[in-house]
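K.L.:
Pasting in a structure now, in structure tokens, and then I'll have a few things to ask.
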Amino acid sequence: MTTVTVCVGSSCHIKGSRKIIVRFNELIKEHDLEDKIELQGSFCMERCGEGLNWQIDEQPVTSSSVEEAIQTFTEKVLQPSAKPPGSTGSTKTGGGSAEAS
């Protein structure tokens, strides 16, 4: 399971972290990934001067805007978690045809 943590300290809150949490939650539900992505809040991540701070598992991420955070979340969290189109989860292996004796 991937854990996404969003800073909700006062500086990030003023910059829009609440909007990020709401949108991330909507995207997780839209993509039916509630069982693969855990979203949580955290008090100050001590990177206040850098922008909106959040992390993917233990990887720190800083976004300059809510829109940039959503784009990064889509690229780094949603897309890798999504199943490839047409994927059924099974693979075919040889067999299926009997060899004549």
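The values are calculated or read from the model by the stated rules, or taken from the named source; none is laboratory data. This one's a predicted model, so the numbers in the text were calculated from it and none came from an experiment. Virtual Cβ from ideal backbone geometry, glycine too; neighbours counted across all protein chains shown.
K.L.:
Which of the residues belonging to the range 13-34 are polar (S, T, N, Q) and crowded, with 17+ Cβ neighbours inside 10 Å?
P.N.:
If the condition is that a residue be polar (S, T, N, Q) and crowded, with 17+ Cβ neighbours inside 10 Å, then Ser17 is the only one that fits.
K.L.:
In addition: Please verify whether the range 35-56 includes one or more residues that are assigned to a strand (DSSP E or B) and exposed (fewer than 15 other Cβ atoms within 10 Å of the Cβ). Can you show your working first?
P.N.:
Filtering the range 35-56 for residues assigned to a strand (DSSP E or B) gives 37-42, 52-56.
Narrowing further to those that are exposed (fewer than 15 other Cβ atoms within 10 Å of the Cβ): 38, 40.
Within the range 35-56, one or more residues are assigned to a strand (DSSP E or B) and exposed (fewer than 15 other Cβ atoms within 10 Å of the Cβ).
K.L.:
Separate question: Out of Glu67, Glu99, Glu26, I need the residue that is at pLDDT 90 or above, outside any strand (DSSP E or B), over 11 Å from the mean Cα position of the chain (by Cα) and over 19 Å from Thr3 (Cα atoms). Which one?
P.N.:
Glu67 is the lone residue from the list that is at pLDDT 90 or above, outside any strand (DSSP E or B), over 11 Å from the mean Cα position of the chain (by Cα) and over 19 Å from Thr3 (Cα atoms).
K.L.:
Could you figure out which of (1) touching a Lys or Arg at 6+ places or on another chain (Cβ under 8 Å); (2) modelled with pLDDT under 95 isn't true of Thr62?
P.N.:
Just one mismatch for Thr62, condition (2).
K.L.:
In addition: Given Ser87, Ser17, which one is at pLDDT below 95 and small (Gly, Ala, Ser)?
P.N.:
Ser87
K.L.:
Can you tell me which residues in the range 70-82 are within 11 Å of Thr2 (Cβ to Cβ) and surrounded by fewer than 17 Cβ atoms within 10 Å (Cβ to Cβ)?
P.N.:
Scanning the range 70-82 gives Lys76, Pro80, Ser81.
K.L.:
So Gln59 clears everything in (1) closer than 16 Å to Ser81 by Cβ; (2) surrounded by 13 or more Cβ atoms within 10 Å (Cβ to Cβ) except one condition, right? Which one?
P.N.:
The one condition Gln59 does not meet is (2).
K.L.:
Further, regarding this structure: For the range 9-23, what are the residues that are touching a helix residue (DSSP H, G or I) at 6+ places or on another chain (Cβ under 6 Å) and of a type in the set (A, V, I, L, M, F, W, C)?
P.N.:
Ile20
K.L.:
Could you go through the range 7-17 and let me know if any residue there is over 15 Å from the mean Cα position of the chain (by Cα), part of a helix (DSSP H, G or I) and basic (Lys, Arg).
P.N.:
Yes.
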